[in-house]
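Worksheet: the structure to be examined is printed underneath.
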Amino acid sequence: MPFLRTRLLFWGLHFALILAVACADIFEVISSTPTLLPRSARTYAEVANNFFAAGIGRHAEVQNPFRPEVRAYLNYAGIEAGYSYFAPNVPPSYRILFELQLPDGTIDHDVLGDEAGEMNIRLASLLDEIGNTKSDAWREILMKLATYSIWSYHPEATSVRAILGALRLPTLDEFRAGAKRSYEFRYAYDFSFVEASP
Amino acid sequence: MLSLKANWRREVIAWLFPSDRDTWLTILRIGLGLEVTLQTFWLRADWYYLFASNGPGLNTRVVVESFLASESPFIPRLGWLVQFGAALGLSEHVTLFSTWLTLLIAGIFLLLGIVPRAAAITAWFLHLCTAKSGGLLGYGVDNFMTIGLFYLMLSPLPDRFALTHKLWNRRAADPRLFGFFRRILQCHLCLIYFFSGLAKSLGSGWWNGASVWRALIRPPFDLLSPELVASWHFFLPIVGISVCFLEIGYPVFIWLRRTSRIWLALVCLMHLGIGLAMGLHLFALNMIVLNLAAFAPPARFSKEPND
């Protein structure tokens, strides 16, 4: 077999990276979300997560001289993310309701995430990012972008209130007792539109 | 001691480089070709909404690409293509349309096996550009498509069923190379399922059925009515535990002769169920293609080398 050693070395490194990403992901799950493990496991998981995350250059603030190359390779191979889909528990979903103030004083409503099929699943990812981020600044940027996209379909609106709600799903027992899905208020942002100066 | 070490080494090499036919590569090529074609076609109406940097749309591309650049300057993105197009005097609109069209053609070429290596590299690069630039709107299928296309473009193409092979009668690659690349895909799938099952089993919801309930009634995956799901309440814990067991057990039971076929069938059924019940059609197709390519029985037990 030609290039046997080179092949083994390359794919060995490839699988070491897959393992490092998967371990970082699983330890992050343990350290940051409630699991069946005892609370003391969180501390150890955080240490382990930091170790693996440093190896794969996940955090910019941690020194890793090969970070750009490692991050690029992880993205090339599609292995930059772990595999903890819907784990350890299914996360909440979000919705943004837009109240559009029209020039005649009336209010129109629109919603992000009422598309069909493939696009709806993709918009749900954006809504998850907006709802789950702990950064106020990042959330505001994303809310601005979402609001702008809605406004571009309603250019007559003078201002928009964007309300982010988290969907509260009833448990099975609650549902059988008659409870329905409801939205819990999370954040509201007011945006107004002015013509950009030339 | 030395001979023991040499024997062990020989065993490992023999396991890593088994002689295999290229049937699995045909499944992977056709499956991913279909996937790329369908995804690109389905996104045709939303392409500018997703990726344009101005005008009606989400306009997230520029923000996402600035984060990508800080992560690594080497990660492909649509901004590169837009800049390249601008240097040729093309507008962003034209460049985005050209990207869409090229990706669609690459998918069709993969499907038919026309210059499959070039088609696989093109599909991988353009898919990566769109997946990265549209990162905020991405989900699992984008990563798994990248994984599949990455392995496909590095594998010994063309396979015997590719049009290019039939027309020009290219010489087939070393059968051990087919076996080796299949091993890589097999090992990767084992890691994916093991860690996915492990992460799920850490949450109480997968043991008592609550996570299955939430997954099925959570928008945008709530294709089934909650009343219908609630009427199956006895099955929900069984489904949750089965998913954990199926995924954690995958790296063991998929290799055992007695269980490999049943495990493959169960995993494909699980993905089919996810696709139909939750509307994750592309994700389901992608995972079924990867599983069939990696472990489909006819090639799985085939000892004879390529023709």
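Per-structure values
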{"quantity": "Rel. contact order, % - alpha carbon contacts under 8 angstrom, at least six apart, segment A:29-77", "calculated": "23"}
{"quantity": "Listed pairs B:132/B:200; A:134/B:132; B:5/B:200; A:180/B:132 exceeding 29 Å between Cα atoms", "calculated": "B:5/B:200; A:180/B:132"}
{"quantity": "Residue mean of other protein chain beta carbons inside 10 Å, B:219-231", "calculated": "4"}
{"quantity": "Charge dipole of segment B:135-242 about the Cα centre (unit charges at C-beta), most positive-ward option of B:151, B:137, B:228", "calculated": "B:151"}
{"quantity": "Part-to-part distance (alpha-carbon centres) for segment A:119-156 and segment B:119-136, which is given in Å", "calculated": "23"}
{"quantity": "FRET efficiency estimate (nearest 0.05) - Cβ-Cβ, residue B:88 to residue A:111, R0 41 angstrom", "calculated": "0.55"}
{"quantity": "Relative contact order [Cα under 8 Å, 6+ residues apart], chain B, whole percent", "calculated": "25"}
{"quantity": "3J(HN,Hα) from dihedral phi, segment A:136-152, Karplus parametrisation 6.51/-1.76/1.60, rounded to Hz, x for glycine, proline", "calculated": "5, 5, 5, 4, 5, 4, 5, 5, 4, 5, 5, 5, 4, 5, 6, 4, 5"}
{"quantity": "Three-way shape label, segment A:69-184, alpha-carbon gyration tensor, a/c 1.5", "calculated": "oblate"}
{"quantity": "Built amide H within the under 5 Å cut-off of residue A:183, gap 5+", "calculated": "A:168"}
{"quantity": "Ranked list, fewest to most other Cβ atoms within 10 Å of each Cβ, for B:239, B:212", "calculated": "B:239, B:212"}
{"quantity": "For residues of B:186-193, the mean tally of beta carbons on other chains within 10 Å", "calculated": "3"}
{"quantity": "Residue A:33 paired with residue B:54, simple spin-label distance in nm, labels 7 Å along Cα-to-beta-carbon", "calculated": "4.0"}
{"quantity": "Point-charge dipole on Cβ atoms (K/R +1, D/E -1) for the protein assembly as shown, about Cα centre, debye to 20", "calculated": "2480"}
{"quantity": "Highest to lowest packing among B:243-255, A:71-83, A:181-193, scored as the average C-beta count within 10 Å", "calculated": "A:71-83, B:243-255, A:181-193"}
{"quantity": "Virtual spin-label span in nm between residue B:12 and residue B:261, 7 Å along Cα→Cβ", "calculated": "3.4"}
{"quantity": "Hz values of 3J(HN,Hα) by residue in segment A:87-98 - Karplus curve (6.51, -1.76, 1.60), Gly and Pro given as x", "calculated": "9, x, 9, 6, x, x, 10, 10, 8, 10, 9, 10"}
{"quantity": "Residue-wise HN-Hα coupling along segment A:120-125, computed from phi with Karplus coefficients 6.51, -1.76, 1.60 (Hz; x: Gly, Pro)", "calculated": "5, 5, 5, 5, 4, 5"}
{"quantity": "Distance in nm between pseudo-label sites at residue A:81 and residue A:137 (7 Å out along the Cβ direction from Cα)", "calculated": "2.5"}
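Every number in this text was worked out from the coordinates using simple rules, so none of it is lab data. Being a predicted model, the structure only gives us computed values, none of them experimental. Cβ sites come from the backbone with ideal geometry, for glycine too, and all protein chains shown count toward neighbours.
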